[in-house]
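First up is the structure itself, then whatever we jot down about it.
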Amino acid sequence: MRNKKQLGMSVVLVAAGVVIGVYFSNQPNELPSVTKTAQAAGGKVKSPTAIAPDRYVYYPGTEALLPDEIRVIACGTGMPSARRSQAATCFLVELGDGQKFLFDIGSGSHANIQSLMIPADFLTKIFITHLHTDHWGDLASLWAGGWTAGRTTPLEVWGPKGGREDMGTKYAVEHLLKAYNWDYMTRAVTINPIPGQIKVHEFDYKGLNEIIYEEKGVTIRSFPAIHSGDGPVSFSLVWNGLKIVIGGDSAPNKWYPEYSQGADLAIHEAFMTSPQMMRKYNQPPQLAARINLGFHTSAQAFGKIMSMVKPRHAVAYHFFNDSDTRYDIYQGIRETYDGPLSMATDMMVWNVRRDEIVERMAVSPDEAWDVPGPGGHLKPDRSRKSEYTDFTLEGRLDVSDVNKRWLEEFMKQNGLTADDVNIGQ
């Protein structure tokens with residue numbers, strides 16, 4: 001029961017926020033902060049039938065964004081190894097004017113995205129930091145799931161070139177579609193081929209603070225990251241005078257502190273400690289050490305980076321956020337950074353405003369359904385031929401006698417013809 005579990009987690013995190021807030025209020029050199037953790041347990045309720053005015057959790061679909069604020073939702077904060085409580089990397093950025101962007105879509109994150117009950121037509125722009133599966137493994141799920149849920153347009157993917165052609169985003173997406181060709185060809189007949197397309201916008205990973213997207217007041221820039229090989233990048237998004245930075249995976253590098261200056265929300269990995277990697281993640285000592293030196297960022301190094309950036313609020317992610325892991329990582333960060341901080345877990349939410357940043361947890365249903373958007377449905381492409389052959393069609397069992405009553409009634413209610421119900425057959 002994710003909703004109950006997340007409500008419990010939100011209470012724990014709110015309590016932790018109170019403790020952390022008290023700690024910092026007693027520090028003489030603490031930086032001034034406009035960040036707050038939503039602590040009110042519903043606020044003052046004035047009558048037996050009134051609503052609670054202050055929500056300490058976020059219920060998706062129940063709050064309109066203010067015209068000048070940004071909402072960021074962590075749809076995945078974990079590791080490559082799958083677990084139910086934490087998906088792999090994915091951050092949804094929602095702007096006050098309605099624009100929405102996904103940054104990475106790692107393995108398992110699509111279920112969290114779906115729990116937000118956002119129409120598929122609003123989730124078509126995906127920015128990929130690099131091509132490890134824990135950062136793009138659920139692209140196929142979003143592609144097919146949104147297609148079957150009524151998306152009417154292609155997906156668009158922005159991602160870096162690789163050190164060579166066969167390690168870039170364009171190559172990866174083209175071959176993903178080749179791998180799922182049976183899926184594409186059959187859905188193209190039965191639904192419509194347009195939502196099955198993916199448009200790729202590939203850019204040079206060497207670009208230094210390069211603009212890769214600029215539309216409707218939004219500017220998204222890319223700069224290099226250091227992770228496992230050439231190709232990974234970090235992103236910054238600027239809109240309405242607010243700046244969000246999403247680091248992806250990286251060892252400490254000189255570009256992130258330089259191009260993250262002025263960040264309102266700065267997201268960067270803070271990896272599990274090397275002893276934790278040995279004890280909890282089955283890594284040999286040499287790899288457990290190299291992980292925090294060569295291609296990921298230790299807690300202490302994360303703290304140093306954030307002390308250089310000085311964001312309004314820092315977000316540490318990319319670790320399994322358990323009771324016996326988070327505190328060692330937190331303490332490591334506090335050796336080098338004393339500013340506002342979130343230890344991210346799945347479904348954590350930040351409302352970024354000019355005067356404050358509010359952190360909460362989302363409470364969303366396990367049994368979420370797809371939600372229709374304002375548009376209609378695409379009509380089938382009747383020019384496409386069935387992917388059946390006579391061999392398979394001759395194997396059908398005749399059940400028309402038991403389907404007749406409900407089918408005739410359904411067709412009449414919805415104005416369907418025999419041709420409508422036989423498309424793709």
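Laboratory data are not the source of any read-out in this text; all were calculated from the coordinates shown. Quantities reported herein were computed from a predicted structural model and do not represent experimental measurements. For neighbour counting, all protein chains shown are included, and Cβ atoms are generated from backbone atoms with ideal geometry for every residue, glycine included.
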Among the trypsin sites (Lys or Arg not before Pro) within segment 148-222, which fall in a DSSP loop and have no more than 13 other Cβ atoms within 10 Å of their own Cβ?
Arg164, Lys216
What's the exposure ranking of Asp381, Asp401, Asp104, going from fewest to most Cβ atoms within 10 Å?
Asp401, Asp381, Asp104
How much mean residue ellipticity at 222 nm does the chain get from its helices, if each DSSP H run of length 4 or more adds -39500 (n - 2.57) and you divide by all residues, to the nearest 500 deg cm²/dmol?
-8500 deg cm²/dmol
Tilt relative to the chain, helix 139-148 - C-alpha long axis, 0 to 90 degrees, to 10:
40
Search the structure for amide H atoms under 5 Å from the amide H of Phe127, placed 1.01 Å from N in the peptide plane, and list their residues when 5 or more places away or on another chain.
Leu102, Phe103, Asp104, Trp158
Tilt, helix 181-190 to longest principal axis of the chain (alpha-carbon atoms), in degrees rounded to tens, equals 60
Within 10 Å, at most 10 other Cβ atoms, and a DSSP state outside H, G, I, E, B define an exposed site. Report the longest part of the chain free of exposed GluC sites (Glu not before Pro).
1-366
How far is helix 2-25 tilted off the main Cα axis of the chain, in degrees rounded to 10, range 0 to 90?
20
15 Å Cα cut-off, lysine pairs counted over segment 145-240 (separation 8 or more, or different chains)
6
Segment 194-207 - phi-based ³J(HN,Hα) in whole Hz, Karplus 6.51/-1.76/1.60, Gly and Pro as x:
4, x, x, 8, 10, 8, 9, 10, 9, 9, 6, 5, 7, x
Which whole-Hz couplings ³J(HN,Hα) result when phi for each residue of segment 271-276 is put into the Karplus expression 6.51 cos²θ - 1.76 cosθ + 1.60, θ = phi - 60°, listed in order with x for Gly and Pro?
6, 4, 5, 4, x, 5
As an exercise, use a Förster radius of 56 Å and the Cβ-Cβ distance of Asp54 and Leu397 to find the FRET efficiency, rounded to the nearest 0.05.
0.45
How many nm separate the modelled label positions at Lys46 and Ala289, each set 7 Å beyond the Cα in the direction of the Cβ?
6.5
In Hz, Karplus ³J(HN,Hα) per residue of segment 316-332 (6.51, -1.76, 1.60; θ = phi - 60°; x = Gly, Pro)
9, 8, 6, 8, 6, 8, 9, 5, 9, 10, 5, 6, 5, 5, 4, 5, x
What is the set of long-range amide H partners of Gly76 at a cut-off below 5 Å, with H atoms built 1.01 Å from backbone N?
Cys90, Met347
Run the numbers for Thr389 and Ala64: contour at 0.36 nm per residue of separation, minus the present Cα-Cα distance, in nm.
112.0 nm
Quick one: grab the alpha carbon gyration tensor of segment 374-421, order the square roots of its eigenvalues as a ≥ b ≥ c, and give me rounded if a/c is under 1.5, else prolate or oblate depending on whether a/b is larger than b/c.
oblate
